[in-house]
Amino acid sequence: MKKLFIVCLALVILALHTPLAMAETVKIDTKMVEVDESEMIKLASQEKFDDLTTVMKKLVQLHISTEEKVVELEQISIVDFEYGEGAKIRIYYQIN
């Protein structure tokens, strides 16, 4: 019984370490847009948004869309954001 327990314990430890050994490095393509805080406040006061991420998606859409290529809000995923120097906000996003 003791040997069976040791064998099972060894198999569990081996099974726990296998995914780490087989894992590959995944590169995520994240881009960044820097906007003024006042621009975010102005946009939020002009339209009604459900949450902060929707406001950020709209800001990203306004900054990256051109006349020939319009990026839809559903294609944008907000990864992170941070306050920069001054009243700047850095929004990190991905395009799906």
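Residues in segment 69-91 that are more than 12 Å from E37 (Cα to Cα) and of a type in the set (D, E): E72, E74, D80.
Scanning segment 17-39 for residues that are among the hydrophobic types (A, V, I, L, M, F, W, C) and either surrounded by fewer than 10 Cβ atoms within 10 Å (Cβ to Cβ) or at pLDDT below 85 (or both) yields a total of 6.
Yes/no matrix, rows are residues, columns are (1) surrounded by 10 or more Cβ atoms within 10 Å (Cβ to Cβ); (2) assigned to a loop (DSSP other than H, G, I, E, B):
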site	(1), (2)
I41	yes, no
K48	no, yes
T54	yes, no
K58	yes, no
L62	yes, no
E67	no, yes
V71	yes, yes
D80	yes, no
G86	no, yes
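The values are calculated or read from the model by the stated rules, or taken from the named source; none is laboratory data. Computed from a predicted model, the values in this text were never measured in an experiment. Heads up, the Cβs are rebuilt from the backbone with ideal geometry, glycines too, and the neighbour counts pull from every protein chain shown.
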